[in-house]
Amino acid sequence: MAIATVNPATGETLETFEPLGRDALELALGRAAEAAVLQRATGFEERADLLRRAAALLDAERDRIAVTVTTEMGKPLAQARAEAAKCAKALRWYADHGAALIADERPSDEDVADSGAAFAYVRYRPLGAVLAVMPWNFPLWQVVRFLAPALMAGNVALLKHASNVPRTALTLADLFHRAGAAPGVFQTLLIGSDQVERVIHDPRVAAVTLTGSEGAGRSVGAAAGDALKKSVLELGGSDPFLVLPSADLEAAVTTAVKARIQNNGQSCIAAKRFIVHEQVYPRFASAFARAMRALRVGDPMDADTDLGPLATRQGRDDLSALVADALRHGATAETGGDRAGVPERGWYYPPTVLTGVSPEMLIHTAETFGPVATLYRVNDLAEAVELANATPYGLSSNIWTEDPEEREYCLRELVAGGLFFNGMTASHPALPFGGVKNSGYGRELAGHGIREFCNVTTVWLGRP
């Protein structure tokens with residue numbers, strides 16, 4: 001895949017980039033290794049100051065950076081601005097909390113008395129250079145939610161961003177450079193996917209994290225395993241959205257629409273399968289389809305647009321194929337279902353709601369990356385949870401109920417890395433983020449995320 005900025009609203013190629021050659025990549029890896037030695041000697045306040053300066057620049061240049069993001073991947077401009085603001089917030093959060101999250105941990109003298117120690121403690125030390133292989137759908141946030149804790153822990157970062165967001169990748173590197181990051185602390189590598197395995201195996205790289213597809217995760221995870229290096233994988237999701245009889249239906253419908261079409265429907269944690277109890281199904285289904293039908297599809301730079309284009313032609317074509325397969329096997333499109341009514345130029349797809357989905361349809365188990373919702377009717381909570389779990393993925397889930405016993409049942413039986421009751425799944429710096437099953441392993445954000453790329457070191461001092 002070429003490294004290029006292609007405007008998904010028009011299909012126009014705006015700029016192409018030459019990937020780094022072998023010599024240039026070697027220099028970048030050398031700079032990272034040198035920087036890792038210096039970075040681990042810095043104190044928490046110095047690291048925090050860098051994050052705060054980067055946050056200030058991000059806030060000051062939010063509008064400009066948002067235009068770059070929207071131009072490259074097509075999300076509505078207001079959402080790109082919000083993404084930039086969220087990144088600044090996360091940088092400040094880790095600047096404020098990072099030191100406490102990885103402060104030395106000392107067990108009581110009584111607990112370690114029989115070890116022969118005068119005292120002992122745990123120190124979280126940086127690993128070194130961490131490679132981040134990041135996707136295009138949240139091209140700022142996916143990077144920052146790795147980068148902020150990694151730098152605060154004393155690591156250095158190498159970013160291999162998606163090949164269709166090179167301007168965003170370079171913008172982030174430039175922003176940290178202007179914020180005062182020392183050479184080699186954070187570098188963008190304009191390389192193709194075919195060079196990732198080589199970088200993982202390089203002895204100067206200590207670990208790797210990837211956010212992306214299941215296939216990419218398998219490839220990177222295998223390479224990391226072969227190299228015996230730590231890896232964190234945040235992969236796909238097919239998150240359920242359960243609506244039970246006690247739910248506030250008006251709030252559930254409003255949130256369901258946002259949860260399905262945010263980021264033009266291209267989010268691993270987007271609600272994709274809407275599983276509704278039969279007692280409230282008719283009202284929910286009617287209101288949900290009506291609200292999806294009313295969305296405005298168009299130019300993502302236009303403030304009145306609700307839904308912009310998909311980021312790539314391939315993504316649009318893959319989504320079209322999933323919907324066509326479902327319709328061919330008997331599903332019904334309550335709204336959408338083909339490209340009628342959307343701009344012909346660019347990679348647009350209309351908001352779509354499918355009913356009558358059955359297991360023989362590809363869309364029943366596939367991750368739909370775009371504004372397509374599948375709607376299911378169930379008889380009771382047990383059936384709803386069974387259907388929610390009937391997927392290879394286990395990233396997050398949304399459950400709408402006011403019943404405490406139903407909440408406890410879901411906490412016990414739903415298989416997912418996150419359970420969001422009466423609200424929409426979202427990531428937040430203070431909360432760990434990640435999944436189970438084919439959604440990957442490890443956690444980002446919160447204390448769990450900063451510790452993923454630390455050498456958890458036992459320090460023991462014997463008695464004189």
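Computed from the coordinates by the stated procedures, all read-outs in this text should not be read as laboratory data. Predicted, not measured: the structure shown is a model, and the values here were computed from it. Because the Cβ atoms are built from the backbone with ideal geometry, glycine has one as well, and the counts that use them run over all protein chains shown.
Calculate the length of the line joining the C-alpha centroid of region 374-390 to that of region 244-265, in whole Å.
17 Å
For a Förster distance of 60 Å, can you work out the FRET efficiency between the beta-carbons of Ala60 and Thr458, rounded to the nearest 0.05? It would help to have the intermediate numbers written out before the result.
Working: r = 43 Å, r/R0 = 0.72.
Rounded to the nearest 0.05, the efficiency is 0.85.
Return the distance in nm (one decimal) between the two label points of a simple spin-label model at Asp104 and Ala430, each offset 7 Å from Cα along Cα→Cβ.
The answer from the label model is 2.8 nm.
Of all DSSP beta bridges located in region 239-430, what percent are antiparallel, nearest 5? Provide the component values of the computation, followed by the final result.
Details: 3 of 23 bridges.
Around 15 percent of the beta bridges assigned by DSSP in region 239-430 are antiparallel ones.
Please work out the FRET efficiency for the pair Ser193 and Ala251, using the Cβ-Cβ distance as r and a Förster radius of 45 Å; give the result to the nearest 0.05.
FRET efficiency, Ser193 to Ala251: 0.60.
Please state the relative contact order of region 239-430 as a whole percent: Cα pairs under 8 Å, 6+ residues apart?
29 percent
Taking neighbour counts of Cβ atoms within 10 Å as a proxy for exposure, in what order, fewest first, do Cys87, Cys410 appear?
By the 10 Å Cβ count, ascending: Cys410, Cys87.
Amide H neighbours of Ala157 under 5 Å, counting only residues 5+ apart in sequence or on other chains, H built in-plane at 1.01 Å?
Val130, Phe186, Gln187
Compute the helix-to-body angle for 77-101: its Cα long axis versus the longest principal axis of the chain, expressed 0 to 90° and rounded to tens.
40 degrees
Mind checking which lysines have their Cα closer than 28 Å to the Cα of Lys75? Skip sequence neighbours fewer than 8 apart in that chain.
Lys86, Lys89, Lys160, Lys258, Lys272
Only residues of region 381-395 count here: report those whose backbone N is under 20 Å from the spot 7 Å along Cα→Cβ of Gln279, or say none.
381-388
May I ask for the distance between the Cα centers of region 140-186 and region 294-340, given as a whole number of Å?
32 Å
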